[in-house]
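In what follows, a single structure is set out as structure tokens and then discussed.
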Amino acid sequence: MNTTIKKGLIGFMTLFIIKTSSLHTQELHSRWDELTESEWPKALKASNQTCILPIGILEKHGPHVPIGSDLIKVREWSARATKREYAVVFPDFFYGQINEARHQPGTFSLPAKVVWDMLEATCDEIGRNGFKKIVIINGHGGNPEMIRYFMQTRLEKQRNYALYFFEPPSDSNYVKNLAALHKSDRANDQHAGERETSELLVLRPDLVKMDSATNQSGANQRRLNIPNVYTAIRWYANFPNHYAGEGAAATRKLGEFLTEHTVSTFAAAIKNIKADTKTLELQNEFFNRVKAE
Ligand SMILES: [Zn+2]
């Protein structure tokens, strides 16, 4: 055999080996909708029966970032975190509390009862598919009260799964780094402002229209102020443009820091939740006492 043919043969064999081995070590996808039925038992095992439920919303995000910004955030955070710590990720879920933006185009605000039933039925259906742990990650500021109340009501009836709610921590390291990178007024940076726009610049830069960020005002208009009193109309009163902050101040650098903070702390939480046996055990102990008393 001459050397050229020999080299060619070795090259072909190497390629063949790489090709076949990559077929065997094919990655197990995280997204529920990207798994095949035959992969289901493997996904349940690799996730330790843990499923992430990313909750976003469809609402105006100032004049410059997309209506699905909160959905994009939770989708991308989940995709990145589960690459570090495997779990199954439920597909897009964008039903939540968003009454305060109903005056703006593109807002998808279902009646409260429908949202509640949808969340409850979704969790039950995830449980029926073999998951013992459901981890909520939320991208929308108008949702946490609803999510917490929903979770508290899980103690009304025994289920064979436990619900967890992850929120990224504001630890001292985070606060210090944020202060160094953040440029605009931090107290007013609440919706489509410097932070959220920076995140989108990293997660979906193709959807950010930076030159539109100053087309509307994201300043607090302070049209209603009764000290120590909460009203439902307060958000609309302060931010009728459904924009709170300065999107124009956004940078990729801040976005990269925020994304890494969320993804790394989320991956760590998934790892802890996968290892957790206490929550379900205590939940069962609680219900056995409820039945007995
Ligand atoms: Zn948002």
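Odds and ends about this structure:
- Of all residues in the range 90-115, those being within 15 Å of the ligand (Cβ to nearest atom), in a helix (DSSP H, G or I) and surrounded by fewer than 21 Cβ atoms within 10 Å (Cβ to Cβ) number 1.
- Checked against the criterion of being over 30 Å from Thr82 (Cα atoms), open to solvent by 70 Å² or more (accessible area, probe 1.4 Å) and aliphatic (A, V, I, L, M), the candidates Ala187, Ala237, Ala249, Ala275 yield just one match: Ala187.
- Considered as a group, the residues in the range 65-89 that are surrounded by fewer than 24 Cβ atoms within 10 Å (Cβ to Cβ) and assigned to a loop (DSSP other than H, G, I, E, B) include one that is farthest from the ligand (Cβ to nearest atom), and that residue is Tyr86.
- Any hit, the range 204-227, residues being open to solvent by less than 20 Å² (accessible area, probe 1.4 Å), within 16 Å of the ligand (Cβ to nearest atom) and farther than 29 Å from Ala87 by Cβ: yes
- Selection status of Ile137, modelled with pLDDT of 95 or more, within 16 Å of the ligand (Cβ to nearest atom) and not in a loop (DSSP other than H, G, I, E, B): yes
- Taking the range 55-64 as the range and being open to solvent by less than 20 Å² (accessible area, probe 1.4 Å), outside any loop (DSSP other than H, G, I, E, B) and not hydrophobic (A, V, I, L, M, F, W, C) as the test, only His61 passes.
- Criterion applied to Leu53, Leu23, Leu44 was being at pLDDT below 60 and away from the ligand (no atom under 16 Å from the Cβ), and the one residue passing it is Leu23.
- Contact map, the range 201-220: first residue free of Cβ contacts under 8 Å to residues at least 60 places away in the same chain, second residue open to solvent by less than 30 Å² (accessible area, probe 1.4 Å) and aromatic (Phe, Trp, Tyr), Cβ cut-off under 8 Å, separation 6 or more or different chains; pairs are Ser217/Tyr243; Asn220/Phe239.
- Subset of the range 74-99 [more than 23 Å from Trp116 (Cβ to Cβ) and touching a Cys at 6+ places or on another chain (Cβ under 8 Å)]: Ala87, Val88
- Test: residue in the range 142-161 that is assigned to a loop (DSSP other than H, G, I, E, B), out of contact with any Leu (no Cβ under 6 Å at 6 or more places or on another chain), more than 24 Å from Pro41 (Cα to Cα) and open to solvent by 30 Å² or more (accessible area, probe 1.4 Å): yes
The values are calculated or read from the model by the stated rules, or taken from the named source; none is laboratory data. On a predicted model such as this, the values are computed, not experimentally measured, just so you know. Every residue, glycine as well, gets a Cβ built from its backbone with ideal geometry; the counts of neighbours run over all protein chains shown. Just the protein is used for accessible areas: all its heavy atoms, side chains included, with ligands, DNA and RNA removed. Shrake-Rupley method; radii C 1.70, N 1.55, O 1.52, S 1.80 Å.
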